[in-house]
Amino acid sequence: MAGEQTIFVSGIPDSLSSEGNVQDYFAQFGEVVHVAFEDVDSAFVTFSPETNIERLLEEKHVMEENPLAVTLIESPKRRKVDEGDADEAQKGADDEGDIEGGAHDEGQGPEGEWPPEGHEQGEGE
């Protein structure tokens, strides 16, 4: 766990849609460092690096009888590292002639689109 971890939560009941209520609920899993509402019933919750996020994701979450949908958000920094690893693997495969379609030589995906499927560029790139 290199850094802070963020989840996206939806299904928050209107009566509990405050930073304090969401922070209080998720504090049972670790230190909540930030809560940011995207909408009345959905928020991003950021935890300290020490939080056992796997345990949080394994549990079912309910607030006032409303089931919550909880999704782990990958950090842009981690995504860039993963994409960089994929780029290196792609380069090695290109060098060995293992890529089908030939479009990769022009910097395009298999169907001529850019970025290739599964390698969408995130914000700030």
Quiz item: Does any residue in the range 48-63 that is surrounded by 17 or more Cβ atoms within 10 Å (Cβ to Cβ) come within less than 7 Å, Cβ to Cβ, of a residue that is assigned to a helix (DSSP H, G or I) and of a type outside the set (S, T, N, Q) six or more places away or on a different chain, and which pairs are these?
Solution: Thr51/Phe29; Leu56/Phe29; Met63/Leu16; Met63/Tyr25
Quiz item: All but one of (1) touching a strand residue (DSSP E or B) at 6+ places or on another chain (Cβ under 9 Å); (2) at pLDDT below 95; (3) open to solvent by less than 100 Å² (accessible area, probe 1.4 Å) hold for Val40; which doesn't?
Solution: (1)
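Quick check on my filter: what residues within the range 20-57 are among the aromatic types (Phe, Trp, Tyr) and in contact with a helix residue (DSSP H, G or I) (Cβ under 9 Å, 6 or more places away or on another chain)? It would help to see each step written out before you state the result.
Let us first name the residues in the range 20-57 that are among the aromatic types (Phe, Trp, Tyr), namely 25-26, 29, 37, 44, 47.
Result: Tyr25, Phe26, Phe29, Phe37, Phe47.
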Quiz item: Any idea which of Thr51, Thr71, Thr46 is modelled with pLDDT of 90 or more, of a type outside the set (Lys, Arg) and in contact with a His (Cβ under 7 Å, 6 or more places away or on another chain)?
Solution: Thr46
Practice problem: Take the range 1-21 and flag every residue that is aliphatic (A, V, I, L, M), at pLDDT 90 or above and surrounded by fewer than 16 Cβ atoms within 10 Å (Cβ to Cβ). | Solution: Leu16
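The values are calculated or read from the model by the stated rules, or taken from the named source; none is laboratory data. Everything numeric in this text was worked out from a predicted model, so none of it was measured. Ideal geometry is used to build each Cβ from the backbone, glycine not excepted, and the neighbour counts take in all protein chains shown. Accessible surface is based on the protein model in full, side chains and every heavy atom, while ligands, DNA and RNA are left aside. Shrake-Rupley method; radii C 1.70, N 1.55, O 1.52, S 1.80 Å.
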